Amino acid sequence: MGKHIVGRVSSVPPGGRAVVEAEGRSIGIFNVDGAFYALRNSCPHQAAPLCLGSIKGMTMPSKPGEYIWAREGEILRCPWHGWEFDIMTGRSIFNPHRTRVKAYDVTIEEHVDGAAVPDDEDESVETFHVSVEDGWIVLHV
Amino acid sequence: MATVARDQTSGVSVRSGIVDCDVHPAPVNVDEIRSYLPMPWRDRYSGGGRGFFGNPVHGARLDSTPPGGGPTGSDPDFLRTQLIDEFGTAYAILLPRAFCNLHPDPDFGTAIAAAFNDWLADTWLSRYNPDGVFKGSITVNIQDPAAAAREIERWAGHPHFVQVMTDSGARAPLGQRQYYPIYEACERHGLRFAVHPGTDGMGINVQPSPGYPTHYIEWHTCLSLAFQAHLVSILTEGVFERFPGLGITLTEGGVSWLPALMWRLDAEWKALRSEVPWLTKAPSAYLRDHVRLSSQPLEDPDNAKHLLQVFEMMDAEHILMFASDYPHWDFDSPTHAFPKLPEQLHRRIFSETAREWYGLPTAE
């Protein structure tokens with residue numbers, strides 16, 4: 001268990017993502033309308049780099065012949081076989097109870113005591129005031 | 001990584017590692033193929049695939065686009081990194097996608113096939129192939145079997161073409177006599193004949209289902225229907241009695257349907273043998289000598305034991321060969337697509353059977 005600084009909030013704008021290495025795992029961080037989520041970058045199907053997939057909406061449950069497109073920006077599709085996952089929970093759309101990818105907590109923090117700071121950031125930075133609007137994205141693994 | 005050893009007695013280099021029986025290289029653009037087409041075809045050719053039933057999600061692995069740009073499967077260095085080196089592939093059997101047999105004009109289809117062969121021979125089978133990892137398929141336009149046979153003759157003896165290939169899309173089942181010039185040429189030159197999905201119901205070809213399905217999911221699931229019809233035709237028409245040296249590779253046509261279809265066909269044969277008296281044994285008994293299936297897209301039952309049972313029913317140890325279908329969307333990973341296999345069966349499926357089938361060097 002550890003806290004890992006991914007970067008500034010401004011470095012992952014809404015609709016964007018970052019893929020990072022933390023504790024030997026590849027993990028994708030997603031900004032969905034200002035809220036941050038993290039998923040393991042390995043599809044439970046055949047271990048594809050899931051977090052490199054497309055970010056879309058989805059066709060919602062509907063009557064035959066009816067199309068309801070919703071949840072734009074909340075659904076991650078595997079780049080290989082196209083399986084759909086809910087970015088917010090890591091649960092698959094076709095079988096949310098049994099087929100899921102590991103989700104991690106993400107917080108936005110002004111101070112980053114005890115977290116590993118990326119090499120390209122000044123390590124003294126935690127002594128500066130940081131606004132929440134451009135705070136640190138912290139991944140909890 | 002595949003390793004290379006030199007056989008002490010024969011001097012032939014042997015690459016250890018798996019054999020991938022369905023890999024799709026692509027030209028960098030339409031003009032690359034055009035450059036191999038004579039006029040008037042050069043002006044007329046505009047590339048293009050099947051035209052409809054496009055995958056609504058994505059047609060190729062999203063991570064397979066070369067970093068330097070260009071179509072998926074067009075950069076040999078990136079393909080080597082992502083496929084050959086990643087999985088320790090000793091040999092990759094290349095099947096380009098020319099979609100040449102949907103055209104009403106047989107001369108146009110034949111010209112496209114020839115251009116793809118010239119392109120493949122110049123690039124993936126020579127310039128990109130210093131170590132011999134790539135083995136090719138000769139594209140033919142089956143709508144003109146005599147011309148297809150001449151195209152096979154043109155490439156006979158090439159060190160890296162190991163089979164002839166067609167799309168499964170056709171105007172008639174592949175066991176019928178109009179195709180025999182193709183099989184005769186394959187047999188004469190020791191080339192396998194591969195069938196790969198494509199162009200079913202497109203252009204002049206018939207659709208192997210009752211009419212056109214609505215959705216890609218239906219069309220793609222039912223690709224195996226054409227393979228079943230072609231295989232029953234090839235077996236019952238006595239193609240393997242007529243061409244005892246012929247071998248058919250059923251590529252990407254599905255796997256698990258085989259035992260049930262053979263039970264059904266063998267049962268029919270017991271009653272109806274007199275209709276096809278040239279068969280000297282039960283239809284299923286021809287498979288081990290004459291037919292191989294490539295594995296991708298491998299069915300994936302919830303209970304993996306069921307798939308292993310199917311493998312036993314279908315004699316997978318002798319007739320199933322691994323394929324990834326790289327870079328297409330339904331790529332099967334060599335390390336994740338199969339349930340855990342007994343070591344011997346794994347060796348057969350991932351290496352030995354294909355090496356025997358295509359005459360590739362085999363490590364002792």
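The values are calculated or read from the model by the stated rules, or taken from the named source; none is laboratory data. Owing to the predicted nature of the structure, the values given are computational and were not obtained by experimental measurement. Note that we place each Cβ from the backbone using ideal geometry, even for glycine, and neighbour counts take in every protein chain shown.
Per the listing B:323, B:285, B:271, B:260, the residue uniquely within 25 Å of residue B:200 (Cα to Cα) and without any contact (Cβ under 8 Å) to a residue 12 or more places away in the chain is B:260.
Can you say whether residue A:54 is touching a helix residue (DSSP H, G or I) at 6+ places or on another chain (Cβ under 9 Å), within 14 Å of another protein chain (Cβ to nearest Cβ) and surrounded by 15 or more Cβ atoms within 10 Å (Cβ to Cβ), as far as the supplied structure shows? When the stated conditions are applied, residue A:54 does not pass them. Taking the criterion of being surrounded by fewer than 16 Cβ atoms within 10 Å (Cβ to Cβ) and closer than 30 Å to residue A:3 by Cβ, the only residue of the stretch A:57-87 that qualifies is A:73. Note on the stretch B:134-171: among residues that are more than 17 Å from the chain's Cα centre (by Cα) and surrounded by 16 or more Cβ atoms within 10 Å (Cβ to Cβ), the one that is nearest to residue B:222 (Cα to Cα) is B:143.
In the stretch B:28-93, counting only helices (runs of 4 or more DSSP H) that sit wholly within it, the ones holding 1 or more residues that are away from every other protein chain (no Cβ under 14 Å), acidic (Asp, Glu) and within 22 Å of residue B:125 (Cα to Cα) span B:30-34, B:76-79.
Is it the case that the stretch A:31-42 has a residue that's within 14 Å of another protein chain (Cβ to nearest Cβ) and either in contact (Cβ under 8 Å) with a residue 12 or more places away in the chain or surrounded by 15 or more Cβ atoms within 10 Å (Cβ to Cβ) (or both)? Yes: one or more hits. In the set (1) more than 14 Å from chain A (Cβ to nearest Cβ); (2) assigned to a loop (DSSP other than H, G, I, E, B); (3) at pLDDT 95 or above, the condition left unmet by residue B:296 is number (1). The set of residues in the stretch A:1-17 that are under 18 Å from residue A:41 (Cβ atoms) and free of Cβ contacts under 8 Å to residues at least 40 places away in the same chain comprises A:16, A:17.
If you go through the stretch B:250-259 one residue at a time, do you hit one that is buried (at least 18 other Cβ atoms within 10 Å of the Cβ), of a type in the set (D, E, K, R) and either in contact with an Asp or Glu (Cβ under 8 Å, 6 or more places away or on another chain) or within 27 Å of residue B:355 (Cβ to Cβ) (or both)? Checking the stretch B:250-259: at least one residue is buried (at least 18 other Cβ atoms within 10 Å of the Cβ), of a type in the set (D, E, K, R) and either in contact with an Asp or Glu (Cβ under 8 Å, 6 or more places away or on another chain) or within 27 Å of residue B:355 (Cβ to Cβ) (or both).
Just one of the listed residues (A:109, A:126, A:133) is in contact with a Gly (Cβ under 6 Å, 6 or more places away or on another chain), more than 14 Å from chain B (Cβ to nearest Cβ) and at pLDDT below 95, namely A:109. For the stretch B:96-106, the criterion of being surrounded by fewer than 22 Cβ atoms within 10 Å (Cβ to Cβ), away from chain A (no Cβ under 14 Å), farther than 27 Å from residue B:157 by Cα and without any contact (Cβ under 8 Å) to a residue 60 or more places away in the chain is met by at least one residue. A search for C-beta distances below 6 Å between a residue of the stretch B:157-184 that is over 14 Å from residue B:146 (Cα atoms) and any residue that is in a loop (DSSP other than H, G, I, E, B) and charged (D, E, K, R), counting only pairs 6+ apart in sequence or on different chains, returns B:168/B:200; B:169/B:200; B:175/B:237. Scanning the stretch A:23-48 for residues that are over 13 Å from the mean Cα position of the chain (by Cα) and either aliphatic (A, V, I, L, M) or closer than 14 Å to residue A:100 by Cα (or both) yields A:43, A:44, A:45, A:46, A:47, A:48. So, in the stretch B:197-228, of the ones that are surrounded by 17 or more Cβ atoms within 10 Å (Cβ to Cβ) and assigned to a helix (DSSP H, G or I), which residue ends up nearest to the chain's Cα centre (by Cα)? Here the answer is B:227. The number of residues in the stretch B:339-364 being closer than 19 Å to residue B:297 by Cβ, out of contact with any Phe, Trp or Tyr (no Cβ under 8 Å at 6 or more places or on another chain) and crowded, with 21+ Cβ neighbours inside 10 Å comes to 1.
Per-residue answers, yes or no, for (1) out of contact with any Asp or Glu (no Cβ under 9 Å at 6 or more places or on another chain); (2) more than 15 Å from residue B:89 (Cβ to Cβ); (3) not hydroxyl-bearing (Ser, Thr, Tyr):
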| site | (1), (2), (3) |
| --- | --- |
| B:314 | yes, yes, yes |
| B:324 | no, no, no |
| B:354 | no, no, yes |
| B:359 | yes, yes, yes |
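Mind counting the residues in the stretch B:104-133 that are farther than 24 Å from residue B:248 by Cα and either under 18 Å from the mean Cα position of the chain (by Cα) or not in a helix (DSSP H, G or I) (or both)? Residues in the stretch B:104-133 being farther than 24 Å from residue B:248 by Cα and either under 18 Å from the mean Cα position of the chain (by Cα) or not in a helix (DSSP H, G or I) (or both): 6 in total.
Suppose the filter is assigned to a helix (DSSP H, G or I), surrounded by fewer than 22 Cβ atoms within 10 Å (Cβ to Cβ) and either hydrophobic (A, V, I, L, M, F, W, C) or in contact with a strand residue (DSSP E or B) (Cβ under 6 Å, 6 or more places away or on another chain) (or both); does residue B:269 pass it? Yes; evaluated as a whole, the condition is true for this residue.
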